[in-house]
Amino acid sequence: MADGQGGSVARKMLVASQNPGKAREIARILVDWEVLSLADVDPVEFPEEGGDYAENARTKALVAAKATGVPSIADDSGLEVAALGGAPGPYSARYGGPGLDDRGRYEALLDALCDAPTPRGARFYCVAACAWPDGSSVIADGECPGEILIGPRGEGGFGYDPVFQPEGFDRAMAEMSREEKDAISHRGRALAALAPLIHSHLVG
Ligand code: ITT
């Protein structure tokens, strides 16, 4: 992410995510920052998520920034499936019940859709937030429309990527390169929209 400062001294940015796949993606997009992960700082206690995407994203970023004194980026994201009335949405990380891994969750989703006609329209949605230790914050969102496949394909990415095919592609998200995913993903788009807001905040 360009910060527009043109300087060679990278400033610190904490990626406030406990999801390794998500944290990896955010970190690789923040090219102009010295990126810290939650493993680099004292343990941060995050509250249970119970709000909408924007509230959850802002809360995660603010909690991390205030606890560590380091500007922090978080996202709240999810998969919204039309045939399920927009579910699982903000509950995507918990879909299918406790104890499931990524594969268990996308298998539960495929089961829920077994009688749904194709194409099963869906979108990934992401709200990204950046917060500072003084309590200020900026947020931006991004989406990636597509459809849910009949079965999983590919080994890349994380979460529901093996069962999601972005609009305009004939491959699952998990079959795309990192660069391809970042260019069209909900997260890549939200972070691209967030970059100028961070810059404006920094230059006042
Ligand atoms: P943090 O809150 O610690 O960041 P989390 O995984 O709980 O981690 P969310 O509450 O935002 O984060 O849940 C997002 C879920 O949506 C994530 O766990 C995946 O199941 C799914 N998801 C989000 N972005 C995705 C992507 O790019 N590819 C596949 N699945 C994704």
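When you go through PRO43, PRO117, PRO133 one by one, which is the residue that is part of a loop (DSSP other than H, G, I, E, B), touching a Ser or Thr at 6+ places or on another chain (Cβ under 9 Å), of a type outside the set (Asp, Glu) and over 19 Å from MET173 (Cα atoms)?
PRO133
Is at least one residue of the stretch 110-121 buried (at least 22 other Cβ atoms within 10 Å of the Cβ) and either more than 25 Å from LEU30 (Cβ to Cβ) or at pLDDT 95 or above (or both)?
So far as the stretch 110-121 goes, no, none of its residues is buried (at least 22 other Cβ atoms within 10 Å of the Cβ) and either more than 25 Å from LEU30 (Cβ to Cβ) or at pLDDT 95 or above (or both).
Just one of (1) in a strand (DSSP E or B); (2) among the charged types (D, E, K, R); (3) more than 21 Å from GLY159 (Cα to Cα); (4) in contact (Cβ under 8 Å) with a residue 60 or more places away in the chain trips up ASP75, so point out which.
Checking ASP75 against (1) in a strand (DSSP E or B); (2) among the charged types (D, E, K, R); (3) more than 21 Å from GLY159 (Cα to Cα); (4) in contact (Cβ under 8 Å) with a residue 60 or more places away in the chain, the one that fails is (3).
How many residues are farther than 10 Å from TRP132 by Cα and surrounded by fewer than 18 Cβ atoms within 10 Å (Cβ to Cβ) when one looks only at the stretch 37-74?
Counting residues in the stretch 37-74 that are farther than 10 Å from TRP132 by Cα and surrounded by fewer than 18 Cβ atoms within 10 Å (Cβ to Cβ) gives 17.
List the pairs whose first member sits in the stretch 85-98 and is within 12 Å of TYR53 (Cα to Cα) and open to solvent by 80 Å² or more (accessible area, probe 1.4 Å), whose second member is near the ligand (Cβ under 9 Å from one of its atoms) and in a loop (DSSP other than H, G, I, E, B), and whose Cβ atoms are under 9 Å apart, counting only residues at least 6 apart or on separate chains?
TYR91/GLU49
Scan the stretch 7-32 for residues that are of a type outside the set (Asp, Glu) and either within 10 Å of the ligand (Cβ to nearest atom) or touching a Pro at 6+ places or on another chain (Cβ under 9 Å) (or both) and report the count.
14
Collect the residues in the stretch 48-73 that are closer than 17 Å to LEU14 by Cα and within 13 Å of the ligand (Cβ to nearest atom), keeping them in residue-number order.
ASN56, ALA57, ARG58, THR59, LYS60, ALA61, VAL63, ALA64, SER72, ILE73
Quick one: is GLY151 without any contact (Cβ under 8 Å) to a residue 60 or more places away in the chain, within 11 Å of the ligand (Cβ to nearest atom), assigned to a loop (DSSP other than H, G, I, E, B) and not hydroxyl-bearing (Ser, Thr, Tyr)?
When the stated conditions are applied, GLY151 does not pass them.
The values are calculated or read from the model by the stated rules, or taken from the named source; none is laboratory data. Model, not experiment: these values are computed from the prediction. For neighbour counting, all protein chains shown are included, and Cβ atoms are generated from backbone atoms with ideal geometry for every residue, glycine included. Side chains included, ligands, DNA and RNA excluded: accessible areas come from the protein's heavy atoms. Shrake-Rupley method; radii C 1.70, N 1.55, O 1.52, S 1.80 Å.
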